[in-house]
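Here is the structure we will look at.
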Amino acid sequence: VAEHEGDIYIDLASRNHNAIRITRSGWTVVDKPPVKFVRSPAELELPVPLRGGDLNDLRRFLNITNEDSFKMLLYWIIYSFSPIGPYPILVLNGEPGSGKSSMMGVAKALIDPSMASNRFLPASARDLFISAINSWILDYDNLSGCPIWLSNALCMIATKGSFATRGIYTDDGEAIFPVMRPLIMGGIEDIAVRSDFAERAIVLNFPQIDRKLR
């Protein structure tokens, strides 16, 4: 996702390098966008959009019955296409069998389809920032709580932070990783427990899906 002269460009990750251009008056697909995108090896191609769609079609893929929750999800999805942050952290809470993982997969696929979706949580802030550099959406499922270091790191990534470490083959040089990304976190336990994290989060709670409907 990039901005150029007030317009937003979304890379479709296709072989011919076309992109979606969004202006105040609408959107078009362009063959030669005036910006350059960085692609990771795990990135997958987005489908070329068609006109005449309806956002309500998303409901069939989601276990959301609350209208406010559905609107908050749409706000998060739309804002994740913005090249300018900061970004709210989408937190999905619910018991096993509530459809959290499915919803996480739908939200990720709509914006940033990747072979590295629903990944295992890194063991350190350094690895977390490196993952953020190589993806637009960071999604982590089945979290058991949120330790202090992780809460602090996620807040920094959502609102623009940087991680510095010693550069390779140097004694006094630093490698700095500045990054700001949309995030999706899912878990059975409450994740947004610290005040700074909760202030940045959109928390959605899901009921267990009726076994007859699975």
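Determine the pairs where a residue that is assigned to a loop (DSSP other than H, G, I, E, B), located within region 36-61, has a partner that is open to solvent by 100 Å² or more (accessible area, probe 1.4 Å) with Cβ atoms under 9 Å apart, the partner being 6 or more residues away or on another chain. Matching pairs, first to second residue: PHE37/HIS17; PRO41/MET115; ALA42/MET115; LEU44/MET115; GLU45/ARG15. Restricting GLU67, GLU95 to residues that are surrounded by 12 or more Cβ atoms within 10 Å (Cβ to Cβ), modelled with pLDDT under 95 and among the acidic types (Asp, Glu) narrows the list to GLU95. Within region 3-22, if we keep just the residues that are open to solvent by less than 70 Å² (accessible area, probe 1.4 Å), touching an Asp or Glu at 6+ places or on another chain (Cβ under 8 Å) and assigned to a strand (DSSP E or B), the residue that is nearest to LEU138 (Cα to Cα) turns out to be TYR9. Could you please let me know if SER101 is of a type in the set (Gly, Ala, Ser) and open to solvent by 80 Å² or more (accessible area, probe 1.4 Å)? No.
Are any residues in region 23-35 in contact (Cβ under 8 Å) with a residue 24 or more places away in the chain and either outside any loop (DSSP other than H, G, I, E, B) or open to solvent by less than 60 Å² (accessible area, probe 1.4 Å) (or both), and if so, which ones? Listed by number, the residues that qualify are PRO33, VAL35. Can you find a residue that is over 22 Å from ILE77 (Cα atoms) and at pLDDT 80 or above anywhere in region 151-174? Looking through region 151-174, at least one residue is over 22 Å from ILE77 (Cα atoms) and at pLDDT 80 or above. Within region 116-128, the set of residues being within 15 Å of SER40 (Cβ to Cβ), buried (at least 17 other Cβ atoms within 10 Å of the Cβ) and touching a Ser or Thr at 6+ places or on another chain (Cβ under 8 Å) comprises just one member, ALA116. Here region 13-34 is the region considered, the condition is being among the aliphatic types (A, V, I, L, M) and modelled with pLDDT of 95 or more, and the residue that is nearest to TYR79 (Cα to Cα) is ILE22.
The values are calculated or read from the model by the stated rules, or taken from the named source; none is laboratory data. All figures in this text were calculated on a predicted structure; none of them were measured in a lab. Note that we place each Cβ from the backbone using ideal geometry, even for glycine, and neighbour counts take in every protein chain shown. The accessibility values were calculated without ligands, DNA or RNA, using every heavy atom of the protein model including side chains. Shrake-Rupley method; radii C 1.70, N 1.55, O 1.52, S 1.80 Å.
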